[in-house]
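Report on the following structure.
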Amino acid sequence: GPGAAGEPILSELPWKGGECVVAAPDAVRLPGDEWLVSAGMHLCAVEEVSASVARFLGWDAPIPPEVLAVQLKELAVMHGQAVPLNALHESTTERPEIPDVAKNAVREIYRRFAELEAAEAPESGHRPLHAARHTLRGAPCVLVGREFVAAEQVAVTTDVDCSPLLHALPEDLLADETMFRALGVRAEFDGADYVLALSRLAVAAGGAELEEDQVSLAGKLAKEAAQFELTQEAKRGMFLPNSSKKMVRAEDLVYDDAPWLSSSMNNVQFLSAEVSNEVGAAP
């Protein structure tokens, strides 16, 4: 097989790693494809080969979507920043921009995903991005501003701003809505998405008191969740803020519908006033 380079070409590139190796042709691409394959395939140590050799070795064939997915996932890890739950706690220095070369690579991966999705007739039943969706499940991969977020945390249509836990698909990506939907982006969020976002907020808080903006966010998420017929399991597992601004299981909370009495009651956890009546009274 052909020799493959062992050292990263650029520090901004994710890298499959390892020493210079001899690899099978189907595990290698030419250096011109480095921004699309470097995390999942080896790069040929030879810069250029003839068209006939490239065709013989399969190096002119489309890059498999699962390889593109690995690259996208690793680019997001390298260049994305974890979304904070409270921007007030961030340093005043602005987050670094994602390098243009990395953003261009991400957009090219999106373009290739869209081509693959568009080329397949819906009635065929074949899902060309199935393997890519599996690779990207739960992983940051959708570029929203200066962040990458998981496809499951993005919807094409959103009525309420629940960032940084749930996001609208950015306008500049809407043209590829069908492709993003194939990767797991929601048409719109449902009750389970809001319940899961409340759980993520609870995990991030780690039992500590929430800041005011986080309590407000929890209230918005809870109000949206209450618009749906939730399963009993979802209701039992839902986390909501109590009157002490801590996230606890909803089943352990009491709706405070008589404040003039509640102040004298001990050993009772009341729902935060930020959570609206319709949520507190939901069956």
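Which residues, counting only those in the range 175-191, are farther than 19 Å from Leu136 by Cβ, open to solvent by 10 Å² or more (accessible area, probe 1.4 Å) and assigned to a helix (DSSP H, G or I)?
Listed by number, the list holds a single entry, Ala175.
Output the number of residues of the range 86-121 satisfying the condition of being β-branched (Val, Ile, Thr) and either surrounded by fewer than 15 Cβ atoms within 10 Å (Cβ to Cβ) or at pLDDT below 60 (or both). Please lay out each step first, then the result.
Residues of the range 86-121 that are β-branched (Val, Ile, Thr), as a first pass: 92-93, 98, 101, 106, 109.
Those still in the list that are either surrounded by fewer than 15 Cβ atoms within 10 Å (Cβ to Cβ) or at pLDDT below 60 (or both) too: 92-93, 101.
Matching residues across the range 86-121 total 3.
If I go through the range 184-234 residue by residue, how many of them are touching a Lys or Arg at 6+ places or on another chain (Cβ under 8 Å) and under 30 Å from His130 (Cβ atoms)?
Total meeting the criteria: 3.
Criterion first (open to solvent by 20 Å² or more (accessible area, probe 1.4 Å), of a type outside the set (D, E, K, R), in a strand (DSSP E or B) and farther than 21 Å from Ile98 by Cβ) does Val203 satisfy it? Step through it out loud before you land on a result.
Details: open to solvent by 20 Å² or more (accessible area, probe 1.4 Å): yes; of a type outside the set (D, E, K, R): yes; in a strand (DSSP E or B): no; farther than 21 Å from Ile98 by Cβ: yes.
Considered against the rule, which asks whether it is open to solvent by 20 Å² or more (accessible area, probe 1.4 Å), of a type outside the set (D, E, K, R), in a strand (DSSP E or B) and farther than 21 Å from Ile98 by Cβ, Val203 comes out as no.
For the range 164-174, what are the residues that are of a type outside the set (A, V, I, L, M) and open to solvent by 50 Å² or more (accessible area, probe 1.4 Å)? Please lay out each step first, then the result.
Quick first cut of the range 164-174, residues of a type outside the set (A, V, I, L, M) only: 164, 167, 170-172.
Glu171, Asp172, listed by residue number.
Which residue pairs have Cβ atoms under 7 Å apart, sit 6 or more places apart or on different chains, and have a first residue in the range 124-145 that is over 25 Å from Asn104 (Cβ atoms) and surrounded by fewer than 18 Cβ atoms within 10 Å (Cβ to Cβ) and a second that is at pLDDT below 95 and of a type in the set (Asp, Glu)?
Listed pairs, sorted by first residue: His126/Glu120.
Considering only the range 221-239, state which residues are under 19 Å from Val203 (Cβ atoms) and not charged (D, E, K, R).
Result: Leu221, Ala222, Ala225, Ala234, Gly237, Met238, Phe239.
Matching residues to (1) assigned to a helix (DSSP H, G or I); (2) modelled with pLDDT under 75:
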{"residue": "Gly32", "(1), (2)": "yes, yes"}
{"residue": "Pro62", "(1), (2)": "no, no"}
{"residue": "Glu66", "(1), (2)": "yes, no"}
{"residue": "Ala76", "(1), (2)": "yes, no"}
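So which residues in the range 110-166 are among the charged types (D, E, K, R), in a helix (DSSP H, G or I) and over 30 Å from Ser216 (Cβ atoms), if there are any at all?
Answer for the range 110-166, where residues must be among the charged types (D, E, K, R), in a helix (DSSP H, G or I) and over 30 Å from Ser216 (Cβ atoms): Arg111, Arg112, Glu115, Glu117, Glu123, Arg133.
The values are calculated or read from the model by the stated rules, or taken from the named source; none is laboratory data. In this text, all values refer to a predicted model and were calculated from it rather than measured experimentally. Note: ideal-geometry Cβ built from the backbone for every residue, glycine included; neighbour counts use all protein chains shown. Accessible surface areas use protein heavy atoms only, side chains included; no ligands, DNA or RNA. Shrake-Rupley method; radii C 1.70, N 1.55, O 1.52, S 1.80 Å.
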